[in-house]
Amino acid sequence: MLNQKGFDQWASQYDQNVEQTDESQKYPFAGYNEILAEIEKRVLSRPHEKVLDIGFGTGVLTSRLYRQGCGIYGQDFSEKMIDLARQKMPDARLYQGDFTQGLVRQLQKERYDAILSTYALHHLTDGQKVQFLKELLPLLQDGGCIYIGDVAFETRAALEICRAQEGQRWDPDEIYFVVEELKEAFPKLQFEKFSYCAGLLSLQK
Ligand SMILES: C[S@@+](CC[C@H](N)C(=O)[O-])C[C@H]1O[C@@H](n2cnc3c(N)ncnc32)[C@H](O)[C@@H]1O
């Protein structure tokens, strides 16, 4: 699992790496662009969006929302990722903080129309995911929604098939979403599959 330093080192090459992996439809980023585009469309379907992005990275998605008038808030632990994102979004409120410790204090005080996270929350254990989502839900405005785009599977069996297919390429340190299991804590959770290894989870308040 990459730590803060690992993400700092990856930052300058990140956008290029992800694009290449997505274009070749390879794990783990097959479906990346489509998922981000879908989240962008849904967020912009509501006016005056105030958006929180957890693990925003170089700001690929949030910078598009920023340019279209959304108020952007975010948390990431990589200084280098934050620097790159800040260049694209000078007025966004971006904070450095480890989400395994929860949300930084400044972000807990706000209320958001949308909370999103793409390809980041697989750094939490399944138990931490449940706890973190429970922390995030009350921060949504009425009618607001949490969108999570990531490596994700409807069932544990589907995850195991993908793990077997990927062999050595599978990252054993990342803990991917299994929707049927997360639904036990969040029965309203929706899942749409975008590629053989990734999808969009949405959770409305
Ligand atoms: C694979 S990148 C995804 C970036 C962006 N959301 C995207 O879709 O392109 C994961 C991001 O999550 C951040 N991240 C990973 N673990 C984190 C943690 N424990 N706390 C805060 N940020 C974390 C990394 O620094 C990195 O910017």
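Data for the structure
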quantity	calculated
Candidate set: the range 74-88, residues that are crowded, with 22+ Cβ neighbours inside 10 Å and outside any helix (DSSP H, G or I); chosen: the one farthest from the ligand (Cβ to nearest atom)	Gly74
Count of the range 21-48 residues which are in contact with a Cys (Cβ under 7 Å, 6 or more places away or on another chain) and near the ligand (Cβ under 10 Å from one of its atoms)	1
Residue, farthest from the ligand (Cβ to nearest atom), within the range 94-115, restricted to residues that are more than 20 Å from Asp8 (Cα to Cα) and surrounded by fewer than 13 Cβ atoms within 10 Å (Cβ to Cβ)	Arg111
Qualifying position, being near the ligand (Cβ under 9 Å from one of its atoms), within 25 Å of Gln190 (Cα to Cα) and at pLDDT 95 or above, among Thr58, Thr118, Thr155	Thr118
Count of residues meeting criterion [outside any loop (DSSP other than H, G, I, E, B) and either within 19 Å of Gly59 (Cβ to Cβ) or at pLDDT 90 or above (or both)] in the range 21-30	2
Extreme residue, nearest to Arg156 (Cα to Cα), among residues of the range 130-142 that are surrounded by fewer than 17 Cβ atoms within 10 Å (Cβ to Cβ) and of a type outside the set (S, T, N, Q)	Val130
Gly6 vs. criteria surrounded by fewer than 13 Cβ atoms within 10 Å (Cβ to Cβ) and either modelled with pLDDT of 95 or more or near the ligand (Cβ under 10 Å from one of its atoms) (or both)	yes
Which numbered condition Gly143 fails, given (1) in contact with a strand residue (DSSP E or B) (Cβ under 9 Å, 6 or more places away or on another chain); (2) modelled with pLDDT of 95 or more	(2)
Matching option when the condition is within 13 Å of the ligand (Cβ to nearest atom) and in a strand (DSSP E or B), among Val51, Val18	Val51
Condition check for Gly127: surrounded by fewer than 21 Cβ atoms within 10 Å (Cβ to Cβ), in a helix (DSSP H, G or I) and either more than 15 Å from the ligand (Cβ to nearest atom) or modelled with pLDDT of 95 or more (or both)	yes
Tally, over the range 5-60, of residues that are hydroxyl-bearing (Ser, Thr, Tyr) and over 28 Å from Gln168 (Cα atoms)	1
Filter result (surrounded by 13 or more Cβ atoms within 10 Å (Cβ to Cβ), among the polar types (S, T, N, Q) and more than 21 Å from Gly167 (Cβ to Cβ)) within the range 13-54	Asn33
Enumeration of residues in the range 89-124 that are touching a residue at least 60 places away in the same chain (Cβ under 8 Å) and either on the phi > 0 side of the Ramachandran plot or in a helix (DSSP H, G or I) (or both)	Tyr119, Leu121, His123
Glu49 being under 14 Å from the mean Cα position of the chain (by Cα) and among the charged types (D, E, K, R)	no
Residue within the range 168-176 that is modelled with pLDDT of 95 or more, touching a Cys at 6+ places or on another chain (Cβ under 6 Å), surrounded by 19 or more Cβ atoms within 10 Å (Cβ to Cβ) and not in a helix (DSSP H, G or I) present	no
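The values are calculated or read from the model by the stated rules, or taken from the named source; none is laboratory data. Treat the numbers as computed from the prediction; the structure is a model and nothing was measured. So basically every Cβ, Gly included, is an ideal-geometry build from the backbone, and we count neighbours across all protein chains shown.
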